[in-house]
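Participant: First the structure, then my questions, so here it is.
The values are calculated or read from the model by the stated rules, or taken from the named source; none is laboratory data. Bear in mind that the values here come from a model prediction, so they are computed numbers and not experimental data. Because the Cβ atoms are built from the backbone with ideal geometry, glycine has one as well, and the counts that use them run over all protein chains shown. When the accessible area is computed, the model is the full protein with side chains, heavy atoms only, and any ligands, DNA or RNA have been set aside. Shrake-Rupley method; radii C 1.70, N 1.55, O 1.52, S 1.80 Å.
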Amino acid sequence: MIQRLFDWFLARSFAEWVAFSLVGNVLIFLASVGLCQWLWRRFQHRRLIRAQQPLSRRDLGLAALAVLLNSMVAVVGFGMWKAGLIRLTHPGLLRTLLDVVLFVLAMDFGMYVSHRIAHVPPLFGLLHAPHHLHQRTNALSLFVLHPAEVLGFGALMLAVLVILPLSGLAVLVYLTLNVLWGTLGHAGVEPLPRALFRWPLLRQLGTSTFHAQHHDNPSRNFGFYTLLWDQLFGTVDPDYPRWTQTGPPL
Ligand SMILES: [Zn+2]
Ligand SMILES: [Zn+2]
């Protein structure tokens, strides 16, 4: 069933894929903004920021450009898949789950390293500063990135896909998780109950609180999906455990 869906996509023309990528990325953007705003209203009692960053025309422009560039990356990925550079497999459930974990960990490491490099001057001022003008985040923050950062993330993802032949379904699951994590990280609220933070697995996962803390103190918490690399390199904010239990001092 899934394999037939992938075969159908592979048989599409270049023009059809361009249209599909554009529509798909606009829908992803709208879903993320909608979820972010819903979370902000629903979890006001668990705020991580006093108020959201006001919307600006510059941010709208950068977000629109990010959606366009993400569509371009999808088109390039399609071309690489058609050319056989990217190989997608269709294994059973267990291997698919393993591929999701593998893809998340590989991307998490690549994103941790590139994120740390992006914080080194003068790269920070040239590339990453627009994202950090949002000390308080809003529903657009996930997409308020320098165009080079958007393309860098896309290139990293395509490079991992060239190196690792992964399950097609695992790639779709990863893309969904990526938007979900990014949205949660910029929601400005912590929707997870405090008791859950005592679970050993959750203590290893990047949460809304974890990324909100990075916007508050940009010298800590560089990871996205997990805390593994921050723990390994000693960059977890020492206040993180306290924030997960009492929230930030607002
Ligand atoms: Zn951010
Ligand atoms: Zn940063």
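Participant: Being aromatic (Phe, Trp, Tyr), under 18 Å from the mean Cα position of the chain (by Cα) and farther than 15 Å from MET157 by Cβ is the requirement here; does PHE29 meet it?
Facilitator: Answer is yes for this residue.
Participant: Now, a different point. Taking region 219-235 as the search range and keeping residues that are over 15 Å from the mean Cα position of the chain (by Cα) and buried (at least 17 other Cβ atoms within 10 Å of the Cβ), which one is nearest to VAL100 (Cα to Cα)?
Facilitator: TRP229
Participant: Which condition does GLN52 not pass, out of (1) away from ligand 1 (no atom under 16 Å from the Cβ); (2) outside any helix (DSSP H, G or I), if it passes all the others?
Facilitator: That leaves (1) as the condition not met.
Participant: Can you tell me which residue among GLY61, GLY154 is away from ligand 2 (no atom under 15 Å from the Cβ), at pLDDT 95 or above and closer than 23 Å to GLY188 by Cα?
Facilitator: The match here is GLY61.
Participant: When only residues in region 193-218 that are away from ligand 2 (no atom under 16 Å from the Cβ) and assigned to a helix (DSSP H, G or I) count, which is surrounded by the most Cβ atoms within 10 Å (Cβ to Cβ)?
Facilitator: Within region 193-218, the match that is surrounded by the most Cβ atoms within 10 Å (Cβ to Cβ) is PHE197.
Participant: Find the residue count for region 21-35, including only residues that are open to solvent by less than 30 Å² (accessible area, probe 1.4 Å) and either touching a Phe, Trp or Tyr at 6+ places or on another chain (Cβ under 8 Å) or of a type in the set (Ser, Thr, Tyr) (or both).
Facilitator: The total comes to 2.
Participant: Select from region 2-32 the residues that are among the aliphatic types (A, V, I, L, M) and touching a Leu at 6+ places or on another chain (Cβ under 7 Å) and list them in ascending order.
Facilitator: ILE2
Participant: Just wondering, is there one or more residues in region 182-190 that are more than 30 Å from GLY92 (Cβ to Cβ), modelled with pLDDT of 95 or more and within 13 Å of ligand 2 (Cβ to nearest atom)?
Facilitator: Looking for residues that are more than 30 Å from GLY92 (Cβ to Cβ), modelled with pLDDT of 95 or more and within 13 Å of ligand 2 (Cβ to nearest atom), one finds at least one in region 182-190, hence yes.
Participant: Quick check on my filter: what residues within region 36-66 are hydrophobic (A, V, I, L, M, F, W, C) and buried (at least 17 other Cβ atoms within 10 Å of the Cβ)?
Facilitator: Correct list: CYS36, LEU39, TRP40, PHE43, LEU48, ILE49, LEU62, ALA63, ALA66.
Participant: When both residues are 6+ apart or on different chains and their Cβ atoms are under 7 Å apart, which pairs have a first residue that lies in region 192-213 and is more than 21 Å from ILE49 (Cα to Cα), and a second that is assigned to a strand (DSSP E or B)?
Facilitator: That search, which allows pairs on different chains as well, returns GLN204/THR226.
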